[in-house]
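Heads up: the structure comes next, in structure tokens.
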Amino acid sequence: MPGCDHSAAYRAPKSRDALREYWWFCLDHVRQYNARWDFYKGMSAEAIEQELRRDAGWQRPTWPLGRLGGGQASTDDLEAAIDGFVHSASAPRSPRLGTPPELRQPLEILGLDWPTDVATAKSRYKSLAKQHHPDANGGDRAAEERLKQINLAYATLRAWLRPEIKVA
Ligand SMILES: [Zn+2]
């Protein structure tokens, strides 16, 4: 996103006509982008980019996409995991019937649907932890913070799913 200095770890399709081409955003901006997805309906990728640039606060003349792309998140499993994460990060879903309230936030952070199980949670956690590890983000502080949230979310979820196993 023009003017944003956070590392761009989340991708979103450029438009409905270019679902396999992506822009990369930080978490806040991918949420913002996804929240406006309906607004972009029918617009070309170019028109969406113009719209993004017009938006207040995003007026920087440069579009440092190359730098933000950064070569992160290149493996298939990681992309699959992040896809789920990004889509769950779009407009808030109505609370699902039967989801334990204390798990709603952890599930959202991990991009998981309820019900889930230990194997699914563990697999998603490993992908996200790899993605947000500070070593993979040039020691980025924001990535470190996200990793902490992911760790906490996983610990909470796992403790709920398998209360007999302690999570370090
Ligand atoms: Zn951003």
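Summary table
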| read-out | value |
| --- | --- |
| Förster radius 41 Å - calculated FRET efficiency between residue 159 and residue 16, Cβ distance, rounded to 0.05 | 0.55 |
| Flagged links, alpha-carbon separation over 22 Å, of 126/148; 122/148; 14/122 | 14/122 |
| For residue 11, distant residues with modelled amide H under 5 Å away | 25 |
| Potential extension, residue 122-residue 4 segment - 0.36 nm per residue separation minus Cα distance | 39.4 nm |
| Cα-projected label distance for residue 133 with residue 99, points at 7 Å along beta-carbon direction, nm | 2.9 nm |
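Values quoted throughout were computed directly from the atomic coordinates according to the rules given, and no laboratory measurement underlies them. Model, not experiment: these values are computed from the prediction. Here Cβ is always computed from backbone atoms with ideal geometry, including for glycine, and neighbour counts include all displayed protein chains.
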